[in-house]
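Chemist: Structure below; questions to follow.
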Amino acid sequence: MSRVPSVREQVRLILLLRWQLFRNSLRTLRGRLNAVSRVLLWLMMAGLMFGGGVAMGVVAWQFAGRGQGAGLGGLFWVVLLFWQLYPLLSGAGGAQFDFSDLLRFPLRYASFFGLSLAYGLFDPAAVISIFWLICLSAGAGAARPALLPWLLLASLIFAVMNVALARAFATWTDRWLAQRRTREIFGLVFVLLILTVNFLLPRLVSDEQFAGAARWLGPLHAAARTLPPGLVGAALTGALAGEALRALAGLALVSVYAFGFLWLLHLRLAAQFRGENLSEARVVSVKPERAAAETEFRGLASLPWRSTAVAAIFEREARYTLRNWQVLLQLLLPAFLVLFFLTDKGPTGFLARHRAFAFPIALAYLFLMEMNWFFNNLGYDGTGVRFLLMAPVKFRQVMLGKNLCQVAATLLDIFLLWFCVRWTAGPPTWPVVGVSFLAAAYALLTSLAIGNVISLSFPNRMEFGNFRRRNGPPGMAMLAGFMTQGFLIASSIIVFIVGDLARRPAVVAWTFLALAALAFAGYAVSLSRMDAIAAKHRQGLMEELCQEKTGS
């Protein structure tokens, strides 16, 4: 009878398997480009990691030198917020591996649980945060060497707590978003939270209402001291005062938080390990005549200027967009931010001082928010892409229908931005509106032309029921998106500067008109090549979007 592998051996085998899969992916050009792009993205984030680490070390050195344990606790707050919020706000850059796939292997539960925790360490936010904790401890330890053991112990417990919190939040969020009803409730709560933070908080802490706000700021500060960063600050304050029992008590309470999050993670992983399979499918009894009637196409029969196939794809994409709260949030967020930054009681900043630039800057931010949509427009099709490939239609018609929906949504969002700017900062002048629309046409056509090619060449499956998993384009697509948007913004700024220096606004308009015409020609050329590109990357589309891994 063969020996059952130990937990250590199982973990080693899984890591070896992942390494072999990575090496095999480098045999293809697409795999090599993805690997290079991920390295470049990590190098881009290295500046944030090392710059933030130096700042953490210097500030911690000052706080420790002054004996301010509460100040050190504030730095732990910064680490906590970055560790937990950055993956939610960025939605990309982390490891894009579906951890539940490990259940295909005969793993013990201890191996499954341990790999889940180890998986959380590969997130960029975790790597950066751990480095910041090391720099924080080194800086404060340089000022107070006797404090260094306490700092290292506190950083270790704090790191374990954050890993457990991040993994527990990810698994429980996936559980809540696995069903449509809870997904819609979660989206509504998320939007309301953003509105509350953006609109209510600045008004509560304004000068004329600061006295009233202080009534709840006091209890809020007291409650913050019971959370892990506050407890770490209290423990370090006790260590600075030579009160070992107080320091141990604070760290023990942080350990309680860590065990609590580990227990919550255990509940979800245990359910997955037992074979939990959440589904939205419902068994509905439908009469044959009604089923036959519902198979008929009753939508936009045809767009006046395009074929029925394009109209069908257009309606399909419109329905997907209206039912996807993540995409809707990306489309509406620029309007929320315009209202926030340009209201009279909002914070003063560049937009508040230069309101004439509000509309062009809002458009630039809109295209940044739509980057994931433009450069991964097949992401939500999933297994449905096989029907698009087998359907008796040309793939350029499929992409044209998707692009028309994106153009319609962008135009509606531009009108919403114009209305918000007009309401808050006053109506922008017609020359500014005209030039902004020409610049938007140039940016939109360029993004669509490049985005279609990238979407077919480097697809990435995006799932409605997963909040942090596969929630953005993979490395090469992300890098191409950032480079394209950076080029568009830089070229537009140059055109505006040249026109301003020449004191000829008409030059700006004619330049953007010429750029838009060139972008339209490029889009037409790329659209005509969609069928050949789709045929060339057919296997990659099936593997990435349908998750039919055929091996190396």
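Each value in this text was obtained by applying a stated rule to the coordinates, not by laboratory testing. Small disclaimer: the values here were computed from a predicted structure and weren't measured. Positions of Cβ are backbone-derived with ideal geometry, glycine not excepted, and every protein chain shown enters the neighbour counts.
Chemist: For segment 153-165, just list the computed ³J(HN,Hα) in residue order, Karplus coefficients 6.51, -1.76 and 1.60, θ = phi - 60°, integers in Hz, with x standing in for Gly and Pro.
Modeler: Working through the residues one at a time gives 5, 5, 5, 5, 5, 5, 5, 4, 4, 5, 4, 5, 5 Hz.
Chemist: Same structure again: Quick one: order LYS536, LYS394, LYS402 by neighbouring beta-carbon count within 10 Å, fewest to most.
Modeler: Numbers: LYS536 12, LYS394 15, LYS402 26.
Exposure proxy ranking, most exposed first: LYS536, LYS394, LYS402.
Chemist: In segment 358-386, which residues have a backbone nitrogen under 16 Å from the label point lying 7 Å from ARG538's Cα in the Cα-to-Cβ direction?
Modeler: Residues 385-386 fall inside that zone.
Chemist: Here is a further query. For VAL393 and LEU40, what does the FRET efficiency come to when R0 = 41 Å and r is the distance between their Cβ atoms, rounded to the nearest 0.05? Walk me through the numbers before you get to the answer.
Modeler: Details: r = 37 Å, r/R0 = 0.90.
Given R0 = 41 Å and the Cβ-Cβ separation, E is 0.65.
Chemist: Residue-wise, which Karplus ³J(HN,Hα) couplings in Hz belong to segment 374-382, taking 6.51 cos²θ - 1.76 cosθ + 1.60, θ = phi - 60°, and x for glycine or proline?
Modeler: Karplus values, whole Hz, x for Gly and Pro: 5, 9, 8, 6, 9, x, 8, 6, x.
Chemist: Related question: Using r as the Cβ-Cβ distance of ARG529 and TRP77, and R0 as 56 Å, what FRET efficiency do you calculate, to the nearest 0.05?
Modeler: That pair, ARG529 with TRP77, gives E of 0.65.
Chemist: Using 1/(1 + (r/R0)^6) with R0 = 41 angstrom and r between the beta carbons of LEU267 and VAL407, what's the FRET efficiency to the nearest 0.05?
Modeler: 0.35
Chemist: Length gain on complete extension for the stretch ALA244 to LEU322, per 0.36 nm per residue less the alpha carbon to alpha carbon distance?
Modeler: 22.3 nm
Chemist: So for the pair GLN20, LEU85, with labels modelled 7 Å out along Cα→Cβ, what separation do we get in nm?
Modeler: 4.4
Chemist: Then there is this: Find how much the distance from THR383 to SER255 grows on full extension, using 0.36 nm per residue of separation minus their present alpha carbon separation; answer in nm with one decimal.
Modeler: Numbers: separation 128, 0.36 × 128 = 46.08 nm, distance 4.35 nm.
Gain on stretching THR383 to SER255: 41.7 nm.
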